[in-house]
Structure formats: structure tokens, C-alpha cells
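One structure is given below, encoded as C-alpha cells.
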Amino acid sequence: MIQRCYSTGKMENDLRKLCIGVDIETVDNRKLITLRGAPESKPDGDSGRLQYPPPFEAAKMAITATISVPLTSPTRRTLASLNNLSPHSLRFTLPTLRRTIKYPNSRLVASSMSTDAPVKTPSTSFLNRLQTGFLHFAKYHGLGNDFVLIDNRDSSEPRITAEKAVQLCDRNFGVGADGVIFVLPGINGTDYTMRIFNSDGSEPEMCGNGVRCFAKFVSQLENLKGSHSFTVHTGAGLIIPEVLEDGNVRVDMGEPVLKASDVPTKLPANKDNAVVKSELAVDGVIWHVTCVSMGNPHCVTFSREGSQNLLVDELKLAEIGPKFEHHEVFPARTNTEFVQVLSNSHLKMRVWERGAGATLACGTGACATVVAAVLEGHAGRICTVDLPGGPLQIEWREEDNHVYMTGSADLVYYGSLPL
Ligand SMILES: N[C@@H](CCC[C@H](N)C(=O)O)C(=O)O
């Protein structure tokens, strides 16, 4: 969508941040600004004033009182009518900066090629309407575990390949993220399907922080307000996130899988088909490990030979993490959680993720950590797990055997990339 407006004041730089393209030309001694990739507006039924779609409101990126024009050049009539409109203010919030900038004195006036023409309301995502030929995405993070979120509701095939996802995740040559997540149509009666590529291009079954970000992104796409939940099909089965009034997300992560061959691990089961506090030699050191699947595989360790309670800040994660990840006893590789017990309800954990390396947080890892802590007798069923990026509340509920995870998920910014 293209919009044109005249401007006085110093709004051009800020418009550049809002829109994909901002061109400025001088017409009749005034600055005519052409905005490409700005959100579309439509008339409000009562007032007739032009309003922007709710997702942009939700994203706090609003421009008031501009008029959208089709993708054609302005005519003499259009330019002449620009002079007759009244002044309005421009206001927007950059989500990352969390500040509102107001221009009470700026004048933003505009007109249209055909103000009488009906305004179309496209049914596709507000992100996709920005400009064709571009991949529009949102960047979210859950406690610093960061993801590129892509609206893929119109197709059950991810809009980008695993190779492209690897490029996007690169922190120097790409957007920078721990993974790319797709919101796809639901299957098996669910509302949505979530798929994810790790930063190395592998596809995990599930991602705990990712599903919280997924839930917030869907809320924005669908303009859902207040507390609400929906069903999500994942490689780990049915997952149910609930966006709470305070903006946090509580997720029913389902039941943990403990059977050794299903985790999967080749370590022999030593307790009810599960691997609990078993010895594992890694790099010449004996570690005590419990293996849990939350749909994806986890190896949780609280101790090693000669060190009954790990001091996780002292670990050289980048050295030891890959040796667990690629250990021969984990045929599907593994995520590894190194855990320090602070109390019966408080754990501190650092993670080395399969396919992503050291991350600031891992939701499935925090769930697996509490399950392992209960099985090893370190903690009760309700714990706070401190991660480098912040805390998660985890409950392994006795009544239904499900694990519940509650934590934050935050929008960082919207972006667009040439495809
Ligand atoms: N960070 C995620 C887990 C992402 C998948 C993981 N790297 C795997 O390959 O299993 C989380 O928050 O759970």
C-alpha cells in the first residue's frame, strides 16, 4: 500500500522507521512524502474517519488521519486537493523502545486519487499486505530465547526453507535468532499448527519458549484481547497455550515421556523404564543424568563425580555442551540442562540446545528440569527455574501428569526481507 501526505516539521526520520520506503519530493514548494509499506486504513462506520487495522493498534504503530491511495502516481487533482485538508497529528510507538513520540504541532495532510472508491479489506495478514515480494516477519523473544515468527496461515508448507532459516538466524549476516517459527493452519481439529527450524536448520518437535511467542503472535494476528487460549498441533502432539490478562503465557505442555527408547536414549533404563540419575561418561568425566522428553529430547544433570551440586556459572558450556549433544547414547542428539539446586522450589539452570547451542532460556528444558528434579528427589512439583534470560514457573501436576509452564513472551520488532 502506498500513502502520500504533505509534511511540515521533522517527521520524515520517524516515518522511515515505520514504513518500508519513504520518498520525499518537493511539489509546489511543499514536501510530498510517499510512504510505501505503510498499513492500510479503512473508514470507521460512525465517524467516517480513516482507521488502521487493529493489529497495528495492538502493535502500537498507528498513524492517524491519513488516506490510502492505490499504487499509482498522484494526479494534478490529487495534489491540488491535498491543500484543502485539515491538520492532524502523527503518533506511534516503537515496541522495542517502548516510548511514544507525539508531534502535536506537525501537520499531516493527505488526499486520495479516488476518495469515493470503496476501501477493500483484504483477508490476508496485515504483515503480508505491507508489500509483495518481501517476507514480513515479527521478531519475538521468550526470556532472550529469540525467534523469527512467520504468518503461514494460508498454507501448510513453510514459506521459507530450512536453508533460508539458517541464513535468517545468523547473528552477523541475518536477522539473528535461535529459530524460525511458522504459524500454519491447524490439523487434527486444532486451531493452528506450529513448526520450527533451529538455527542450524534442523526441525525439532517442540519449543517451549517458542510456543509462548507463537501464542502472542497469533493474538496479534487475530486481534484477540483479554485472556484466551487455543489449541496448537506440534511434533510433540497437542499443546495448549493460554495468554493471561497480565500478558504472560501459561502453556499446558502435556505429559513428559520417560521411557528410555522414546526419549530417545540408548542408556539402559534403571527405574520404571526410565533413565534416572544414571552415569554417563562425557569427556572423561562421569556425569549423573536423567533423560526426559517433552516431545523433544533432554538430558538433565545436577551433579558429576566429585561435585554433588553443580555451580552452573562455572561451567564451560561451549566446550562441554556439544559433547553431550552428539554423544552416541542420544540417537536424535539431545538438549542438555545443567542444574544447580537453590532450594526445594528454586532451581538455576543453563542449557546447551540441540541445533542452537547455548541459549538464554529453554522452555522445554525448564519443564524437563523440574521433572528430573522430582524424579531425583531434589525438588517439589512446583518450581521457579532461573535461566540466564529470566525465570520460568513450572508445575508438574500430579492429578493429570501434565507439565505447565508460565512465562513471558515479548515482541521485539516487525521486519521485512526481500525474498
Ligand atoms: N528453545 C526451545 C527448544 C527449541 C528446540 C530445541 N533446540 C531442540 O532441538 O529440541 C524451548 O524453549 O523449548
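Condition check for Gly247 on (1) open to solvent by 40 Å² or more (accessible area, probe 1.4 Å); (2) in a loop (DSSP other than H, G, I, E, B); (3) more than 11 Å from the ligand (Cβ to nearest atom); (4) not aromatic (Phe, Trp, Tyr): one failure, at (1).
Among the conditions (1) crowded, with 19+ Cβ neighbours inside 10 Å; (2) within 16 Å of the ligand (Cβ to nearest atom); (3) in contact (Cβ under 8 Å) with a residue 60 or more places away in the chain, Glu205 misses just one, which is (1). If I filter segment 233-242 for residues that are open to solvent by less than 10 Å² (accessible area, probe 1.4 Å) and more than 13 Å from the ligand (Cβ to nearest atom), do I get at least one hit? Looking for residues that are open to solvent by less than 10 Å² (accessible area, probe 1.4 Å) and more than 13 Å from the ligand (Cβ to nearest atom), one finds none in segment 233-242, hence no.
Determine, yes or no, whether Leu311 is in contact with a Gly (Cβ under 8 Å, 6 or more places away or on another chain), aliphatic (A, V, I, L, M) and either surrounded by fewer than 19 Cβ atoms within 10 Å (Cβ to Cβ) or without any contact (Cβ under 8 Å) to a residue 24 or more places away in the chain (or both). When the stated conditions are applied, Leu311 does not pass them. Screening the candidates Leu360, Leu392, Leu411, Leu419 for the property of being at pLDDT below 95 and within 21 Å of the chain's Cα centre (by Cα) yields one hit, Leu419.
All of Val183, Val175 fail the test of being away from the ligand (no atom under 11 Å from the Cβ) and either without any contact (Cβ under 8 Å) to a residue 40 or more places away in the chain or aromatic (Phe, Trp, Tyr) (or both), apart from Val183. Listed here are the strands (runs of 3 or more DSSP E) enclosed by segment 316-396 that have at least 3 residues being touching a residue at least 40 places away in the same chain (Cβ under 8 Å) and within 12 Å of the ligand (Cβ to nearest atom): 357-359.
Considering Ser408, Ser416, which residue is of a type in the set (Gly, Ala, Ser) and buried (at least 18 other Cβ atoms within 10 Å of the Cβ)? Every option except Ser408 fails the conditions.
Just to be sure before I move on: is Leu310 more than 18 Å from Asn198 (Cα to Cα), modelled with pLDDT of 95 or more and within 16 Å of the ligand (Cβ to nearest atom) in the structure I sent? Against the criterion (more than 18 Å from Asn198 (Cα to Cα), modelled with pLDDT of 95 or more and within 16 Å of the ligand (Cβ to nearest atom)), Leu310 does not qualify. Filtered by the rule that a residue be among the hydrophobic types (A, V, I, L, M, F, W, C) and surrounded by 19 or more Cβ atoms within 10 Å (Cβ to Cβ), segment 375-405 gives Leu375, Ala379, Cys383, Val385, Leu387, Leu392, Ile394, Trp396, Val403, Met405.
The values are calculated or read from the model by the stated rules, or taken from the named source; none is laboratory data. Here the structure is a predicted model, which means the values were calculated and not measured. Glycine gets a Cβ as well: all are built from the backbone with ideal geometry, and neighbour counts include every protein chain shown. We work out accessible area using only protein heavy atoms, side chains counted, and drop any ligands, DNA or RNA first. Shrake-Rupley method; radii C 1.70, N 1.55, O 1.52, S 1.80 Å.
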